[in-house]
Amino acid sequence: MKTTPHILVIGIGNSLRGDDAVGHWLADKIAADAHPFVTVQTMHQLHIEVLEQLQQYTHVMVIDAAIQNEPALLSAIAPQDTPAHAESHQADVVTLMQLHRNLYQQPIDWFTLRIAAQQFEMGTAISPACMQHAQTAYALWQQWLQQILNDSTL
């Protein structure tokens, strides 16, 4: 059955550490598009306090800088059979997905959009190379969003 999508975009990173800010930058760019069914948040790291609010979403996209060869990589996150555990109040994407699934028994489709980054020094701006990768990531986001819309009742 097709449904209207409710998408949460979470941009991860530290705006004071060069390329690490690229998750925030891309999340802000997506927010500027003002899609009525897309909610955007930025944070320094994923934390378990967001679990309860996830119940209103059908899809979660986590955007973050990554040390990788590909300029940008969009991946679906599959549920794991291993038990979920978080350290203190922070969690990685798989842990957050598993905790939500275990607590609320609600399926959400989870995705990551990782952007190639190299420069993480304090007090630096996002590097030109990372900004180019962010443009590639934005194009991947737009293709992914179009696919979600094609599969929905909109």
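The values are calculated or read from the model by the stated rules, or taken from the named source; none is laboratory data. Fair warning: this is a prediction, and the values are worked out from it, not measured in the lab. Cβ coordinates were reconstructed from backbone atoms using ideal geometry, including for glycine residues, and neighbour counts include every protein chain displayed.
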Q. Quick one: is ALA21 farther than 18 Å from TRP110 by Cβ and small (Gly, Ala, Ser)?
A. yes
Q: Report yes if PRO5 is over 16 Å from the mean Cα position of the chain (by Cα), farther than 24 Å from ILE126 by Cα and assigned to a loop (DSSP other than H, G, I, E, B), otherwise no.
A: no
Q | segment 111-154, residues that are in contact with an Asp or Glu (Cβ under 8 Å, 6 or more places away or on another chain), more than 24 Å from VAL94 (Cβ to Cβ) and not β-branched (Val, Ile, Thr) | A | GLN118, GLN119, SER127, CYS130
(Q) For a quick check of your reading of the model, give me the residue pairs whose first member lies in segment 110-130 and is in contact (Cβ under 8 Å) with a residue 60 or more places away in the chain and surrounded by 14 or more Cβ atoms within 10 Å (Cβ to Cβ), whose second is part of a strand (DSSP E or B) and not hydrophobic (A, V, I, L, M, F, W, C), with beta-carbon atoms closer than 7 Å and at least 6 apart or on different chains. (A) PHE120/ARG17
(Q) So, ALA86, is that one surrounded by fewer than 20 Cβ atoms within 10 Å (Cβ to Cβ), closer than 24 Å to GLN147 by Cα and either at pLDDT 95 or above or of a type outside the set (Phe, Trp, Tyr) (or both) or not? (A) no
Q.
Can you confirm whether ILE148 is in a loop (DSSP other than H, G, I, E, B) and surrounded by 14 or more Cβ atoms within 10 Å (Cβ to Cβ)?
A. no
Q. Can you tell me which of PHE111, PHE120 is more than 21 Å from ILE7 (Cβ to Cβ) and out of contact with any His (no Cβ under 6 Å at 6 or more places or on another chain)?
A. PHE120
Q: Only residues in segment 39-66 that are without any contact (Cβ under 8 Å) to a residue 40 or more places away in the chain count as the first member; pair them with residues that are in a helix (DSSP H, G or I) and surrounded by 19 or more Cβ atoms within 10 Å (Cβ to Cβ), Cβ under 7 angstrom, at least 6 apart or cross-chain, and list the lot.
A: VAL40/ALA27; VAL40/ILE30; THR42/HIS24; THR42/ALA27
Q: Name the residue, out of ALA34, ALA27, ALA65, that is under 22 Å from LEU145 (Cα atoms), in a loop (DSSP other than H, G, I, E, B) and either in contact with a Pro (Cβ under 7 Å, 6 or more places away or on another chain) or of a type in the set (Gly, Ala, Ser) (or both).
A: ALA34
Q) When only residues in segment 89-114 that are part of a loop (DSSP other than H, G, I, E, B) and under 19 Å from ASP64 (Cβ atoms) count, which is modelled with the lowest pLDDT? A) HIS89
